[in-house]
Amino acid sequence: MSSNNIDWKKYLIVFLITTGLFFTAIYLSNYFGGKKINQLKTIQDQIAIDILSSETQFSLLSELSCKNISDSVFSKELAELGSKLEWSQENLGATEEVSYLKKYYSLLQIKDYLLAKKISARCGTKSAFILYFYTTAANCTLCEEESLVLSTLRAKYPELRVYSFDYSTDLSAVTSMLQIYKIKDTALPALVIDDSVFSGFQTLENLEAYIKGIFKLQEVKPSTNTNTKSL
Amino acid sequence: MTSILNVIFYVLTFLSVYVQVFFFVTFLENRKKIVIRNGKIKLASYPSVTIVVPCWNEEETVAKTVHSLLDLDYPKDKIKIFLINDGSTDDTKNVINKFTEFPNIKVFHKENGGKFTALNLGLEKSETDFFGCLDADSFVDSDALVRIMSYFEKDSMTMAVAPAVVVHNPISIVQMAQQTDYNMGIFFKKMLGFLGAINVTPGPFTIFRKKVFNDLGPYKHAHSTEDMEIAYRMQKHNYKIENCNDAFVYTNTPETIKKLYKQRLRWIYGFLNNTLDYRSVLFKKKYGNFAFFTLPMGVISIFSVSYLFGKIVYNVGHFFYFKVLQWRAIGFDFGISNFNFDPFFINTESFVFLLVVVYVLVMFAILFGRKMAQEKNVFSLSVLYFFPIFGIIAPLWFLKAIYNTILSRKPSWR
């Protein structure tokens, strides 16, 4: 009865518009993703410069007292970069760029760690640092829990430095670290504190008591007052 | 597994964007044709119309419904009103018997048999060329009939004209959410009208040429959605259905979530099952946009919303899983989750941008629908009730309707 003509042209036009919107969305997503990668690169460059500068400063001032260096050497952005990289891996997808940045990050951590070790040897102090090995390849619930424990400790004790290494990172320097401390992927999460290796999950209480004992750390804020920002 | 889910997700997203863009383009094409007439409308002739009011336990609202019909701006002797008591167990019988004194009102009492049987009794008894129904929980605007009849006068091929349904006196939040839903419906139904692809001729005050029933037969049970099935049947026979966006009908809506859930479950179940019953029309060129747009769109919407719901449930589940981990690892000391805002952590997946596009277009439909419904404040904040209420509960009735459909269809698949 009534004419039921289909306007195919319109179906096509709407298809083209929708496709256009799709590609615009993908473009925007890539654009912002790229910006984030760039931001990560900038932070990394900053850290690289910081470390290099600390190393140089360390060599230059070798005759001077340890007091002058101990405070300024360590790069502050290392932890921030770690959390941003982790987020990127989950949300931007494990792209080549992110995994490349992650390798670079591991390397920077090792350099930072070596520098810290050198300083503590020279000055005879015990630097408070923990090496933390985890994995993202397998579903490691305990690793997630351990990460939370370490973040809490780091918030409580700003002097404490945690270097975290993804077991699955394909980098010879990381592999060497694994070999030195004889870390096996079956025993993750694993911690290295003052050259002793702890395999498996360590509770907050135990870990806190242990590091307090050996590093004589100062708690910066009471743990109950959780709302204050520590920036 | 995740990659398959991702593909489904992006296909559904694409189709959802497509549907909204299609509506918007239809709007741009036809925007000048959307008018709301203010003055009195004069028709060349005033054909007689039978209006059936099926009543089942409607003692509270039916009198108001009948009075609204009596107040219609249309020659009194051209309106025949049939009040059909479908075996009510309350005082409906006495309430409607009082109307027998009006010369143009006839009252019938029958055993309970369901709404479609009451309508069919009305069809059987009616002698006019035009036939309509008004649910006993709804009231008509006095200009509604003459505005609808003008569509029939304009085009002799028009076989049915659906009105614009507005929520009557919304009080509860659930009703205000429905008001927004109906406002949006006014916009979408007008667009479907332009496309010749309307799939529901609502119980409140759709007027048909009697020829429709003479040719195609009476109402059917049709999974308790007889007003949907008759529209499908008309579309299958290429009978033209129009939408008269300035013929306003006010309807009472469920005031609680539970009642709303039951009503919507019936609608969606009806949609799925009528679509399955009429699956032979799907993607057939001769059935036009109804076959290529309306039905696929309905199915896509149901699956998209259900899928999105599944995704949200998964995310909420993941959030709680993480909280449990946090609690196990560090107790209730959640100090590390300080809100240090950093734009770096804003989600910039492509999906987010597409969601924004869909929401903007839906928002446009709501606001324009409100304008068409002549709501006082087009930009009312009550619009916002719609999103949480329908966003959380609609997937539940969608999923339940899908589940019920699978259960009811199971035997026929063996």
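Here the Kirkwood formula, the inverse mean of 1/r across different C-alpha pairs, assigns chain B a hydrodynamic radius of 23.3 Å.
Compute log10 of I(q)/I(0) for segment A:107-202 with the Debye formula, placing one identical point scatterer on every Cα and leaving out solvent, at q = 0.18, 0.20 Å⁻¹, to two decimals. Values, matching the q order: -0.84, -1.03. Residue by residue along B:343-356, Cβ atoms of other protein chains within 10 Å of the local Cβ number 6 on average.
Remark on segment B:35-256: hydrodynamic radius 17.5 angstrom, per the Kirkwood mean of 1/r across alpha carbon pairs. Taking label points 7 Å from Cα along the Cα-to-Cβ direction, A:LYS10 and B:TYR314 give a separation of 3.6 nm.
Classify segment B:11-109 from the C-alpha gyration tensor, please: rounded if a/c falls under 1.5, else prolate or oblate depending on whether a/b exceeds b/c. It is oblate, given that a/c is not under 1.5 and a/b is not larger than b/c. The calculated FRET efficiency for B:ASN214 paired with B:ASP77, based on their beta-carbon distance and R0 = 25 Å, is about 0.60.
Loop sites by DSSP among the chymotrypsin sites (Phe, Trp or Tyr not before Pro) of chain B, restricted to those with at most 15 other Cβ atoms within 10 angstrom, leave B:1-282 as the longest stretch without any of them.
If you take the Cα centroid of segment B:49-104 and the Cα centroid of segment B:281-302, the two points sit 37 Å apart. For the peptide A:202-215, the mean number of other protein chain Cβ atoms found within 10 angstrom of a residue's Cβ is 1. Here B:ARG409 and B:SER380 are evaluated by their C-beta separation; at R0 = 45 Å the FRET efficiency comes out at 0.60. For the pair A:TYR31 and B:SER156, a Förster radius of 51 Å applied to the C-beta separation gives a FRET efficiency near 0.35, rounded to the nearest 0.05. Only helical runs count toward this figure. For chain B, summing -39,500 (n - 2.57) over DSSP H runs of n ≥ 4 and dividing by all residues gives -17500 deg cm²/dmol at 222 nm.
Divide the volume of the convex hull around the Cα atoms of the protein assembly as shown by the residue count and you get 202 Å³ per residue.
Please label the shape of segment B:218-302 as rounded, prolate or oblate, based on the square roots a ≥ b ≥ c of the eigenvalues of the alpha-carbon gyration tensor (a/c under 1.5 means rounded; beyond that, a/b larger than b/c means prolate, else oblate). Verdict is prolate for segment B:218-302. If a spin label sat at a point 7 angstrom from the Cα of B:ILE36 along the line to its beta carbon, the backbone N atoms of segment B:353-371 nearer than 11 Å would be those of B:368-371. Taking the Cα centroid of segment B:195-242 and of segment B:339-409, what is the distance between the two, rounded to the nearest whole Å? Using only Cα atoms to place each centre, the spacing works out to 29 Å.
Once both labels are positioned 7 Å from their Cα atoms along Cα-to-Cβ, the gap between B:ASN169 and B:PHE322 label points is 4.8 nm.
Counting only other chains, and only Cβ atoms inside 10 Å, what mean value do you get across the residues of A:142-153? Write out the running numbers ahead of the final one.
Details: counts 3, 0, 6, 7, 1, 2, 11, 3, 3, 6, 8, 2.
Taking all residues of A:142-153 together, the mean is 4.
Any read-out appearing in this document is the output of simple, stated calculations on the displayed coordinates, not a laboratory observation. Keep in mind that this is a model prediction, so the values were computed, not measured. Cβ atoms come from the backbone with ideal geometry, glycine included; neighbour counts cover every protein chain shown.
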